[in-house]
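One structure below.
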Amino acid sequence: MKIIETTNAPGAIGPYSQGYAANGFVYTSGQIAICPETGEIPEGITAQTHQACKNVGAILSAAGVDFSKVIKTTCFLADMADFAQFNQVYAQYFTSKPARSCVAVKTLPKGVLCEIEAIAAE
């Protein structure tokens, strides 16, 4: 097993790793919309989805893979009313259409509107 770390995505804010590579797969931790350079969270579901996707992409890149290798995502929304806008942005990054679960949750870390985690083939 190999821990995946990059400064191009937000650092872990708890006792976990940004990602792991093991047995031919890359697993990312859930990524929220924190800009790694500034620590800021953009406003609105569209901007937050873009940033969360960029953060997932940075971890994938640090593991030597990209979005085309993603086979499964789990997505969390603070409000299912944001589903259509979330999908419009998500589809720009996950063009290979991986398997996905998407659920609404009561709250997310730092009050963000979405969180995305991914599993990719190495």
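The values are calculated or read from the model by the stated rules, or taken from the named source; none is laboratory data. Since we're looking at a predicted model, the values are computed, not measured. Using ideal geometry, Cβ is built from the backbone for each residue, glycine included, and neighbour counts are taken over all protein chains shown.
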_Selection count, the stretch 30-55, where residues are surrounded by fewer than 22 Cβ atoms within 10 Å (Cβ to Cβ) and in contact with a strand residue (DSSP E or B) (Cβ under 6 Å, 6 or more places away or on another chain)_ = 1
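Here's the yes/no breakdown for (1) in a loop (DSSP other than H, G, I, E, B); (2) free of Cβ contacts under 8 Å to residues at least 24 places away in the same chain:
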position: P36; (1), (2): yes, no
position: E43; (1), (2): yes, yes
position: T49; (1), (2): no, no
position: I59; (1), (2): no, no
*Selected residue (only one of T7, T74 is over 14 Å from the mean Cα position of the chain (by Cα) and of a type in the set (S, T, Y))*: T7
*asked:* Please determine whether any residue of the stretch 61-69 is hydrophobic (A, V, I, L, M, F, W, C), closer than 26 Å to E5 by Cβ and within 13 Å of the chain's Cα centre (by Cα).
replied: yes
*Across the stretch 10-29, what is the number of residues that are buried (at least 18 other Cβ atoms within 10 Å of the Cβ) and modelled with pLDDT under 95?*
1
